[in-house]
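Report on one structure; see the data block that follows.
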Amino acid sequence: MAEQTSWTEPPADYPAAIRALKRRLRAQIGDVDAVFARIEARLTPRVDEIVVLKERGEEVWPIVEFTDVAAGTVPQEVVDRIHRRGCAVVRGQVAAEVATGWDQSLVDYLDANDFMSAYRGPADDFFGNLDASKPEIYPIYWSAAQMEARQHENTAAVQSFLNSLWKNESRGVTWFDPDQDSMYPDRIRRRPPGANSSGLGGHTDSGSVERWLTPAYQQVFEQIWNGDVDAYDPWDAAHRTEVDEFPSSTMCSVFRSFQGWLAMSEMRRDQGVLWTVPIPDAMMYLLVRPLLADVPEDSLCGAEQGKALGLSEQWHPLLWKAQAGIPDVRPGDSVWWHSDLIHGVAAVQDQQGWGNVIYIPAAPMCAKNAAYAQDVAERFRRGESPADFPKEDYEAEWGNRFGESQLNEIGRRGLGLSAGSAPAARQATARQR
Ligand SMILES: [Fe+2]
């Protein structure tokens, strides 16, 4: 009988599962050393390009003006740069006064409910394997500020623009609707002036061991496992919407085309901010590296179930050099990165100013995201934590939560409460990368 080499449920015996998987992948790839050399050859010029830009003090992150997104006039060279880097800053997604107004209303919401005395501290250990400070990420989901930001028409316009950078039709399937997002409520980060933080080590979201072990991810990365790394396109959505992560206290049940956040305060580039390794194809390196002979046979270079997939100086030295921080951002700017992108947070001592963000990804509608949105709608009504996060439910008894009657059409559609997406679905077939 053929050995099991893909798992829809977590394997009972990880070391045995990883050994079996490596045997299959090596047989499938052929000459692993030659394929890894090709990956290095493809990535090295990209890394060098970023190192040079950093040395010259030039901007690595593509910057998009929201006015261009709204008018459909984002220059092609900017689109090309986002494809190359896998990340972008959108300037002025909402006016600075709107963002700082939301920031204040969030503080009022927390104060009115005496949140800081009720708060019991972080309930998950998702980043326990990384170098990390207390994250100052709070499990608040249903404030008016967050909901208004999520259902804002400018947010929807940016999500639609970003979704359309993906190839959403391939292998004869339409994988998602780029013009209709599902609402994915996430938490807030508030880091006060004077904060000392050792940051957060480099990692990727959206699965760790799952990226090797699950059948859907094995199809996402099919060309890599066939040794045809030049055919691999990180922007092809094929099978991405079929990925199911293994259950854990902090997981992601939806397909996110981009992870992102909206700035609620001014953040200077040297104040402990987000960085990425801005090379979407770098995932090839993370995936194939564990197959080399110097890695223990039952190791995936540190990947563990239920923990973020970490970047390691030991195993990924080439990528380590390409870390690139965001530019200075103002309230109302938004920051986005492709769901495969390695990212982390820099350290800071005596932080100047606040570091406040609302996490809002782009999660285009597909069957998987619609199913989660339906559950989210129920949690929203009850003020509970969304299912992907630890069940803390701080807001369940708070009287000033954002209410169902305050939803606009974007909010209702994002929660699957309104069937108004027919025109968007038609456009979906015409939009290609
Ligand atoms: Fe992350």
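Assorted remarks:
- Checked against the criterion of being closer than 27 Å to V51 by Cα, within 18 Å of the chain's Cα centre (by Cα), of a type outside the set (D, E, K, R) and open to solvent by less than 10 Å² (accessible area, probe 1.4 Å), the candidates A282, A238 yield just one match: A282.
- Filter result (over 15 Å from N154 (Cα atoms), assigned to a helix (DSSP H, G or I) and open to solvent by 60 Å² or more (accessible area, probe 1.4 Å)) within the range 53-89: K54, E55, R56, Q76, E77, D80, R81, R84
- Selection within the range 325-335 - open to solvent by less than 10 Å² (accessible area, probe 1.4 Å) and either within 16 Å of the ligand (Cβ to nearest atom) or over 21 Å from V52 (Cα atoms) (or both): I326, V329, G332, D333, S334, V335
- Consider the range 293-320 and keep the residues that are in contact with a helix residue (DSSP H, G or I) (Cβ under 6 Å, 6 or more places away or on another chain) and in a loop (DSSP other than H, G, I, E, B). The one that is nearest to T276 (Cα to Cα) is E313.
- Scanning the range 3-41 for residues that are within 26 Å of the chain's Cα centre (by Cα) and open to solvent by 60 Å² or more (accessible area, probe 1.4 Å) returns T8, E9, E40.
- Total residues in the range 199-215, condition open to solvent by 10 Å² or more (accessible area, probe 1.4 Å) and more than 16 Å from the ligand (Cβ to nearest atom): 1
- Of everything in the range 215-253 that is assigned to a loop (DSSP other than H, G, I, E, B) and among the β-branched types (V, I, T), the residue that is farthest from E40 (Cα to Cα) is T250.
- Among the strands (runs of 3 or more DSSP E) confined to the range 173-213, there are none with at least 3 residues that are at positive phi.
- Flag if A396 is over 26 Å from N168 (Cα atoms) and either more than 16 Å from the ligand (Cβ to nearest atom) or among the hydroxyl-bearing types (S, T, Y) (or both): yes
- Among (1) more than 29 Å from A231 (Cβ to Cβ); (2) more than 16 Å from the ligand (Cβ to nearest atom) - the single one A322 does not satisfy: (1)
- Scanning the range 90-125 for residues that are open to solvent by 70 Å² or more (accessible area, probe 1.4 Å) and of a type outside the set (S, T, N, Q) returns E97, D108, D111, A112, D114, M116, R120, P122, D125.
- Members of the range 126-180 that are closer than 26 Å to E395 by Cα, open to solvent by 40 Å² or more (accessible area, probe 1.4 Å) and modelled with pLDDT of 95 or more: E148, H152, E153
- Residue match in the range 369-376 (condition: within 16 Å of the ligand (Cβ to nearest atom) and either touching a residue at least 12 places away in the same chain (Cβ under 8 Å) or surrounded by fewer than 20 Cβ atoms within 10 Å (Cβ to Cβ) (or both)): no
- Positions within the range 336-350 being open to solvent by 20 Å² or more (accessible area, probe 1.4 Å) and hydrophobic (A, V, I, L, M, F, W, C), in sequence order: V345, A346, A347
- Any hit, the range 404-412, residues being at pLDDT 95 or above, under 25 Å from the mean Cα position of the chain (by Cα), part of a helix (DSSP H, G or I) and over 21 Å from A157 (Cβ atoms): no
The values are calculated or read from the model by the stated rules, or taken from the named source; none is laboratory data. All figures in this text were calculated on a predicted structure; none of them were measured in a lab. Glycine also receives a Cβ, built like all others from the backbone with ideal geometry; neighbour counts cover every protein chain displayed. Quick note on the areas: whole protein, heavy atoms, side chains included, nothing else; ligands and nucleic acids left out. Shrake-Rupley method; radii C 1.70, N 1.55, O 1.52, S 1.80 Å.
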